[in-house]
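A.B. asks: Questions regarding the structure given below will be posed in turn.
Derivation of every value follows stated rules applied to the coordinates shown; laboratory data play no part. On a predicted model such as this, the values are computed, not experimentally measured, just so you know. FYI the Cβ positions are ideal-geometry reconstructions off the backbone, even for glycines, and counts take in every protein chain you see.
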């Protein structure tokens, strides 16, 4: 896994070839990242399948329970197929913008 630290987030990229294994790996390290807003970069997977994306649902929900963001980047999945519990955006810039918006909402008590 490659990680890139930014001001208000940590970007995680898979260096292997299985989104489900990557989701399980992130799940196993979630406690380590509990104080970080996470961006999960899945752009390399191209045609990501819905069941592969859904493997990130559990770590995403757990991370949001700690009042931290968990944003997934992928531009091939049909956004209408994605459950609203998962935040999926097509670009890194949109992921960073979403984290800023979610931080503002948390600061305001929403």
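A.B. asks: So residue 28 passes all but one of these: (1) within 15 Å of residue 99 (Cα to Cα); (2) in a helix (DSSP H, G or I); (3) free of Cβ contacts under 8 Å to residues at least 24 places away in the same chain. Which condition number does it fail?
C.D. replies: It fails just one condition, (1).
A.B. asks: Please specify each residue of segment 42-82 satisfying the condition of being within 16 Å of residue 27 (Cβ to Cβ) and assigned to a loop (DSSP other than H, G, I, E, B).
C.D. replies: Those that are within 16 Å of residue 27 (Cβ to Cβ) and assigned to a loop (DSSP other than H, G, I, E, B): 42, 55, 56, 66, 68.
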